[in-house]
Every structure is written in C-alpha cells, then in structure tokens.
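The values are calculated or read from the model by the stated rules, or taken from the named source; none is laboratory data. Since we're looking at a predicted model, the values are computed, not measured. Counting neighbours? That spans all protein chains shown, and the Cβs are built from the backbone with ideal geometry, glycine included.
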2 protein chains.
Amino acid sequence: MLEGKWKLVILFHLFGGRVLRFSELERAIPAISQKMLIQQLRQLESDGIVRRIVHPEVPPRVEYRLTDWGQSLCPALDALLQWAERRPDA
Amino acid sequence: MLEGKWKLVILFHLFGGRVLRFSELERAIPAISQKMLIQQLRQLESDGIVRRIVHPEVPPRVEYRLTDWGQSLCPALDALLQWAERRPDA
DNA sequence: CGCGATTCTTACCTGCAGGTGAGTCCCCCA
DNA sequence: TGGGGGACTCACCTGCAGGTAAGAATCGCG
C-alpha cells in the first residue's frame, strides 16, 4: 500500500492534519506529473489513507486530507526515519 | 533501501537474530528465484543491513545475519505492522 | 573418472511503474 | 463569445524490476 516512488512524499506533505488542494500538492511536489499525483491520491483514497473532499464550486476545488487511520501512520514512519538516521556510516 | 518485492520478506526471516545460510533462505522463501535472492541479499549487505559470512569450506557455506543496525529496524517495522492491523474495514 | 552439493553468475525476456504531452469539461467573467 | 482557471483523462512510450534457464567453480566421494 505504501510502495511506489510518490506515496510517502505525498503523505509527508499531509501529516500534521494539513489539508491541501490538488494544485497545492502539485506545487509542493514539483517533480511529480499530474497523472502520477492523481493516480497515487486515488490509490491512497481507496486504501482508506486519505480522504478526498470535492467542493461543488466553480472553478472546482478538491481537497485532500488524511483519514484518522492515515494520520495514525505518522508515528510508525517516524520510527523508520529515526532508524535511518541511526545508520552507521555505510 | 527497503523497497522491492523481496527485501522485507527476507528481513522478516532474519529477525530475532536468526542466522540462515543461502539454501535455507531459498527453502524458506520458495517463490523467490536464486537470482533475486542473491541480488537482494547483496543490496541489503551493501546497505549495511545484513552481514554475509563465508565459511571457507567445501562445499561452500555462506551465512546471512542482521547487523546490529539491521536488527534495530525490527521495532520500526513492528509499528508498521500494528498500524496495518488497526485498519478500519476498507 | 564423473557426479553431486552449494553458491553464485550471466544472458535474455517480459510486464508494469512511471513519464510526457495533449485533450476534456465546466462555468465565470471580460 | 471566447479565454482562462482547475482538476482531471487519454494515448503513447521508456526503463527497470523482476522472472527463467543455463552455466561455472570447487572439492569430496562412490
């Protein structure tokens, strides 16, 4: 569920309860293509990690935030980060 | 460093300080090909996660175990597992 | 002498993850 | 009336992760 080049990058932008719209994510991750961003967001959504909120406005506005379960992933990933930082000079 | 289809599978077999030789890993993970097993072990070794011990015998014997740093990855992955188990019925 | 065990290597192939560029739909507003 | 902003969607392509099969080095043993 977390594999792939972009999933974690997206998640790190959403941790802390941040709510971002599509174009904000695009700007936050300049290297990603629109197609990939959508694709990964849809997968994260169908896995129940992020929630997608469409505001029926014109121009359209779509916001993404973590679900409670998605948010609870944060400490586990933090543990991984701390492990990586403890790496003996390889 | 942990990406790919096999890295985590291999690691889970080595957690708990287990020391396994090549052929034991082959048997423990029947679905993996020899090429992949070697390739992934070499990468894990060059990343400092597993240690490779060659016994100069005939027939050759090669053992793999986690480094201290590799072993310290266990709790972090456990946190991930627990997160996965907490998943609301998707 | 030739076979088998063990660990690794090499060559080749396939499928899919990921990249690129263009097109679509909708409505407001100048 | 058409241009522009926003969020996609589509068709196509490339590269690499991963799979398959065979070969190679070593020596002890029947």
Scan of the stretch A:51-82 for residues that are within 22 Å of B:Asp89 (Cβ to Cβ) and either within 16 Å of DNA strand C (Cβ to nearest atom) or among the basic types (Lys, Arg) (or both), ordered by number: A:Arg51, A:Arg52, A:Arg65
- request: For B:Asp78, state whether it is charged (D, E, K, R), without any contact (Cβ under 8 Å) to a residue 24 or more places away in the chain and in a helix (DSSP H, G or I).
  value: yes
task: Residues being more than 8 Å from DNA strand C (Cβ to nearest atom) and either surrounded by fewer than 14 Cβ atoms within 10 Å (Cβ to Cβ) or part of a helix (DSSP H, G or I) (or both): count how many of those fall in the stretch B:17-26.
output: 4
- line: Exactly one of B:Arg65, B:Arg52 is away from DNA strand D (no atom under 14 Å from the Cβ) and touching a residue at least 40 places away in the same chain (Cβ under 8 Å), and that residue is B:Arg65
query: What's the number of the condition A:Pro60 fails, among (1) more than 15 Å from DNA strand D (Cβ to nearest atom); (2) of a type outside the set (Gly, Ala, Ser); (3) modelled with pLDDT under 95?
result: (1)
Within the stretch B:11-41, considering residues that are closer than 23 Å to A:Asp89 by Cα and touching a strand residue (DSSP E or B) at 6+ places or on another chain (Cβ under 8 Å), the one nearest to DNA strand D (Cβ to nearest atom): B:Leu41
- prompt: A:Leu73 fails exactly one of the following numbered conditions: (1) within 11 Å of another protein chain (Cβ to nearest Cβ); (2) surrounded by fewer than 16 Cβ atoms within 10 Å (Cβ to Cβ); (3) not polar (S, T, N, Q). What is the number of that condition?
  reply: (2)
task: Quick one: in the stretch B:43-66, of everything that is away from chain A (no Cβ under 14 Å) and outside any strand (DSSP E or B), which residue is surrounded by the fewest Cβ atoms within 10 Å (Cβ to Cβ)?
output: B:Pro59
- prompt: Which pairs do you get when a residue that is away from chain A (no Cβ under 14 Å) and more than 8 Å from DNA strand C (Cβ to nearest atom), found in the stretch B:27-42, comes within reach of a residue that is in a loop (DSSP other than H, G, I, E, B) and modelled with pLDDT of 95 or more, reach meaning Cβ atoms under 6 angstrom, with the pair 6+ apart or on two chains?
  reply: B:Ile32/B:Trp6; B:Met36/B:Trp6; B:Gln40/B:Trp6
